[in-house]
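**Q** To start, I am sharing the structure in question, which I have written as structure tokens.
Read-outs throughout are calculated quantities, based only on the coordinates presented, and are distinct from any laboratory measurement. Predicted, not measured: the structure shown is a model, and the values here were computed from it. Reconstructed Cβ throughout: ideal geometry from the backbone, glycine too, with neighbour counts over all protein chains shown.
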Amino acid sequence: MLHQLEQAIGYTFRDIGLLQVAVTHTSFANESKKGDRHNERLEFLGDSVLSIVVADYLFHEAGHLPEGELTRKRASLVCEQALFGFARQIELGKYLRLGKGEERGGGRNRPSILSDAFEAVIAAIYLDGGLEAARKFILPFVEEGKGAEEDYKTRLQEVVQQNPEERLRYVVAAESGPDHDKHFVVEVHLNSNCIGTGEGHSKKVAEQQAARQALQLMGLA
């Protein structure tokens, strides 16, 4: 199971024990007779690693924004709701080690448990591979979360829908890089014409950037 999780997160551990601790909830550790460690200490560290990576990303990518706006954006990307969504993207819930009570109580889908485990996974990657490894894991989620906040695809769709005969579609123009560090180039087409191009570590991020470019060309972004 842990090797499947490695594939889901795109990182291979030298010390797989770190990942096992990251997915071990206190309820499991308390019931275990083997002295299993739980993930609360990793959660503490992961929270700090996540914060510095997100702050660094926003500082460089949104250099025009004042401190207050940067703080608001960071908060939206590291809050429990955001981390819960990130954890669900990699189906983290099915890998958790939970006590019997938490298992029966739906702990695999509980936002607080999943968001804490996601932070613990970040810490495990950081301890095993360093800050750059953690950054590579975090940034695709951050870019997508930022894209969700600024949903250019929806805005572009709303503009195009004003003319029912127009049709939008997104086309992957290029894909490169290993599985753990993919790079996509996506074009957005209005009928048969390319009206925008975007790049990113995931198709969703690239699509958002393509839509953003199209809106910019229309003078709407």
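**Q** Ranked from highest to lowest mean number of other Cβ atoms within 10 Å per residue, what is the order of the peptides 42-54, 183-195, 111-123?
**A** The packing order, highest mean first, is 111-123, 42-54, 183-195.
**Q** Which order do 3, 60, 201 fall in if you start with the one that has the fewest other Cβ atoms within 10 Å?
**A** Ordered by Cβ neighbours within 10 Å, fewest first: 60, 3, 201.
**Q** Given the range 1-58, what whole percent of its Cα pairs are spread farther than 18 Å?
**A** The proportion of pairs with Cα distances above 18 Å equals 48 percent.
**Q** Return the FRET efficiency for the residue pair residue 64, residue 163: r is the Cβ-Cβ distance, R0 is 25 Å, and the value is rounded to the nearest 0.05.
**A** So the FRET efficiency works out to roughly 0.15.
**Q** Taking a cut-off of 17 Å, what percent of all Cα-Cα pairs in the range 156-221 are separated by more than that?
**A** Roughly 40 percent, rounded to a whole number.
**Q** Using the Karplus equation 6.51 cos²θ - 1.76 cosθ + 1.60 (θ = phi - 60°), what ³J(HN,Hα) coupling, rounded to whole Hz, does each residue of the range 111-124 give in order, writing x for Gly and Pro?
**A** x, 5, 5, 5, 5, 5, 5, 5, 5, 5, 5, 4, 5, 4
**Q** Could I ask something else about it? With Kirkwood's inverse mean 1/r over C-alpha pairs for Rh, give me the Rg to Rh ratio of the range 32-133, two decimals please.
**A** Looking at the range 32-133, the ratio lands at 1.04.
**Q** Once phi is turned into ³J(HN,Hα) by the Karplus curve 6.51 cos²θ - 1.76 cosθ + 1.60 with θ = phi - 60°, what whole-Hz value does each residue of the range 72-77 show in order, with x for glycine and proline?
**A** So the J values, rounded to whole Hz, are 5, 5, 4, 4, 5, 8.
**Q** Let me ask something else about it. Counting only helical runs of four or more DSSP H residues, what would the 222 nm mean residue ellipticity of the chain come to if each run contributes -39,500 (n - 2.57) and the total is spread over all its residues?
**A** Roughly -18500 deg cm²/dmol at 222 nm, from the helical runs in the chain.
**Q** Roughly what would the spin-label model give for residue 34 and residue 199, points 7 Å off Cα along C-beta, in nm?
**A** 4.6
**Q** Work out, in µm²/s and without decimals, the Stokes-Einstein translational diffusion coefficient of the range 51-103 at 25 °C, 0.890 mPa s, Rh from Kirkwood over C-alpha pairs.
**A** Stokes-Einstein gives a translational diffusion coefficient of 188 µm²/s.
**Q** While we're here: Just to be sure I understand the curve: with the Debye formula and one point per C-alpha of the range 107-221, what is log10 I(q)/I(0) at q = 0.19, 0.20, 0.23 Å⁻¹?
**A** Reported log10 I(q)/I(0), two decimals: -0.97, -1.02, -1.18.
**Q** Under the classification rounded if a/c is under 1.5, otherwise prolate if a/b is larger than b/c and oblate if not, where does the range 77-128 fall, given a ≥ b ≥ c as square roots of the Cα gyration tensor eigenvalues?
**A** Oblate is the answer for the range 77-128, as a/c is 1.5 or above yet b/c matches or exceeds a/b.
**Q** Using Cα positions and a limit of under 17 Å, work out the aspartates and glutamates in reach of residue 204, with same-chain residues fewer than 8 apart set aside.
**A** Within reach: 143, 144, 149, 150, 151, 175, 179, 181, 187.
**Q** Hey, another quick one. Sort 90-102, 69-81 by packing, meaning the average of other beta carbons within 10 Å per residue, with the highest value first.
**A** Ranking the peptides 90-102, 69-81 by packing returns 90-102, 69-81.
**Q** If you average 1/r across every pair of different Cα atoms in the chain and take the reciprocal, what Kirkwood value do you get, in Å?
**A** By the Kirkwood definition, the hydrodynamic radius is 18.9 Å.
**Q** For the cross-link pairs 136/182; 33/94; 94/203, which exceed 19 Å when the distance is taken from alpha carbon to alpha carbon?
**A** 33/94; 94/203
**Q** Let me ask you something else. Amide H neighbours of residue 97 under 5 Å, counting only residues 5+ apart in sequence or on other chains, H built in-plane at 1.01 Å?
**A** Here the answer is 24, 25, since their amide H atoms fall under 5 Å of that of residue 97.
**Q** How high is the relative contact order of the chain, in percent, with contacts defined as C-alpha pairs under 8 Å that are six or more residues apart?
**A** 19
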